[in-house]
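The structure appears right after this line, and notes come after that.
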Amino acid sequence: MTSEFTLFGFHHLISITSIFAISFLFPALVRLINNKSITEIILIILGAVLIIHELVEHFKHT
C-alpha cells in the first residue's frame, strides 16, 4: 500500500533537503575539481541523463 505524501512531513523534508543539497553541492564540487577532462565527462553524463529523461518521460504517462 502507498502512504500519503504529507506536506512538510518526513518524506517531504527529506526530498527538499536532497534537492537543495544536489542543487548547491554538485556545482560546487565540479567547480572545486577544476579538471577539464573530469568536468567534460560530468557534463556528458549529465546531458545524457537529461536527454534520456526527456525521451522516457513520454512513455510514463501511457
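The values are calculated or read from the model by the stated rules, or taken from the named source; none is laboratory data. Since the structure is predicted, the reported quantities are computational estimates derived from the model, not experimental observations. Every residue, glycine as well, gets a Cβ built from its backbone with ideal geometry; the counts of neighbours run over all protein chains shown.
Conditions tested, residue by residue: (1) at pLDDT 90 or above; (2) among the polar types (S, T, N, Q); (3) touching a Leu at 6+ places or on another chain (Cβ under 6 Å).
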residue: GLU4; (1), (2), (3): no, no, no
residue: LEU7; (1), (2), (3): no, no, no
residue: ILE19; (1), (2), (3): yes, no, no
residue: THR39; (1), (2), (3): no, yes, no
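Which members of the stretch 21-37 meet the condition of being modelled with pLDDT of 85 or more and either in contact with a Phe, Trp or Tyr (Cβ under 7 Å, 6 or more places away or on another chain) or among the aromatic types (Phe, Trp, Tyr) (or both)?
PHE24
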